[in-house]
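The values are calculated or read from the model by the stated rules, or taken from the named source; none is laboratory data. Note that the structure is a prediction, hence the values are computed from the model and not measured. Positions of Cβ are generated from backbone atoms using ideal geometry, with glycine treated the same way; all protein chains shown enter the neighbour counts.
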Amino acid sequence: IEWTVDEGWHDAAVVPYGPLSLDPAASVFHYAQEIFEGIKAYRHADGSVWTFRPDANGHRLQRSAERLALPKLAVEDFVESLKQLVAVDEKWVPSADETSLYLRPFMIATESFLGVRAAHRVGYYVIASPAGAYFTGGVAPVSIWLSTTYSRAGKGGTGAAKTGGNYAASLLPQEEAYQHGCSQVLFLNSTDGAYIEELGGMNVVLVYRDGTIVTPDSDSILEGITRDSILQLAEDRGHRVERRRVSIDEWRDGVASGDIVEVFACGTAAVVVPIAELKGDGVSIVSPVAGPDSLTLSLRAELTDIQYGRRPDRHGWLTRLDA
Ligand code: PMP
């Protein structure tokens with residue numbers, strides 16, 4: 001769909017996948033005026049195709065748009081864009097267990113204009129890619145690298161928006177994480193570096209022995225929809241959920257004293273992953289291994305069962321895409 005200052009959103013179309021033609025002066029290339037979303041389509045056992053909480057992604061896209069001075073796309077139009085793409089060829093949606101179609105909606109400033117101001121011409125697109133099971137042969141715990149040199153987002157910055165610039169800022173620390181044998185980087189808050197923010201592409205959750213679940217509250221992290229859903233499922237089971245600042249010392253001391261019994265990361269791609277180890281400059285926190293009876297794996301199973309239609313969707317989280 002195209003948007004212009006004069007006409008608003010217009011000319012929605014589904015076209016064959018291929019290169020986009022953009023002027024080299026398009027503002028997205030120079031000022032990174034861009035936002036995106038990540039959401040999946042799941043095929044249920046009866047062949048129908050569903051997605052999970054698209055309204056939440058649609059609202060998050062609107063919040064990102066506001067921060068990046070991009071136009072607002074109605075949530076109904078966002079959901080319709082997913083339906084239209086899936087309708088083209090719903091055979092794309094894999095039918096095997098724990099596989100899905102990853103949908104990537106994104107909005108970019110397409111106006112040819114080199115002055116620094118919000119673009120008057122914008123494009124919104126959705127592309128899709130079949131996604132295999134993230135884990136084959138069981139959910140494997142991951143090691144995380146603590147970045148003390150770099151931060152991902154600062155106070156008043158774009159941390160809460162899903163915009164390419166945040167990911168550009170995390171590429172170098174992410175490389176550092178790989179070099180140290182870790183799959184993701186953990187960022188601390190930028191003002192004093194004492195509090196946990198999030199991973200390069202996932203949120204972090206700590207589980208206490210008494211069943212309390214704690215997750216960082218910050219206005220510079222991405223409000224993950226997986227995290228929100230997992231915490232809701234935990235609350236449904238009677239767990240106390242605390243959204244508050246969490247320091248790296250709390251993590252270390254809690255694991256050392258045995259008060260923190262599980263730590264996991266969550267996001268659309270991998271759903272829920274146990275964090276086995278956090279390491280970095282002078283830091284090494286080895287968390288207890290999440291066993292088959294852990295809360296981590298049982299919440300993961302509950303959420304994926306809902307997404308694949310194997311358990312009742314009591315919160316009304318699923319939206320059918322192919323009808
Ligand atoms: N934080 C960041 C930086 C992310 O990129 C993601 C993935 N979108 C998340 C958290 C998790 O968000 P969600 O559960 O909505 O995928």
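Here is a yes/no grid of residues against (1) in a helix (DSSP H, G or I); (2) crowded, with 21+ Cβ neighbours inside 10 Å:
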position: 251; (1), (2): yes, yes
position: 277; (1), (2): no, no
position: 284; (1), (2): no, no
position: 291; (1), (2): no, no
position: 297; (1), (2): yes, no
position: 300; (1), (2): yes, yes
position: 305; (1), (2): yes, no
position: 311; (1), (2): no, no
position: 316; (1), (2): no, no
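Has segment 213-236 got any residue that is under 13 Å from the mean Cα position of the chain (by Cα), within 25 Å of residue 286 (Cβ to Cβ) and either more than 11 Å from the ligand (Cβ to nearest atom) or of a type in the set (S, T, N, Q) (or both)? Checked against the condition, which is being under 13 Å from the mean Cα position of the chain (by Cα), within 25 Å of residue 286 (Cβ to Cβ) and either more than 11 Å from the ligand (Cβ to nearest atom) or of a type in the set (S, T, N, Q) (or both), segment 213-236 yields at least one hit.
Please find, among 32, 69, 41, the residue that is within 30 Å of residue 304 (Cβ to Cβ), under 25 Å from the mean Cα position of the chain (by Cα) and modelled with pLDDT of 95 or more.
Unique residue meeting the criteria: 41.
Which one is farthest from the ligand (Cβ to nearest atom), of the residues in segment 16-55 that are aliphatic (A, V, I, L, M) and under 16 Å from residue 104 (Cβ atoms)? Ranking the candidates gives 20 first.
This table checks each residue for (1) assigned to a loop (DSSP other than H, G, I, E, B); (2) in contact (Cβ under 8 Å) with a residue 40 or more places away in the chain; (3) not assigned by TED's automatic domain parsing to the domain that holds residue 162.
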position	(1), (2), (3)
35	no, yes, yes
45	yes, yes, yes
50	no, yes, yes
57	no, yes, yes
64	no, yes, yes
81	no, yes, yes
91	no, no, yes
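Quickly run through segment 175-212 and pick out the residues that are within 11 Å of the ligand (Cβ to nearest atom) and not in a strand (DSSP E or B). Matches in segment 175-212: 200, 201, 202.
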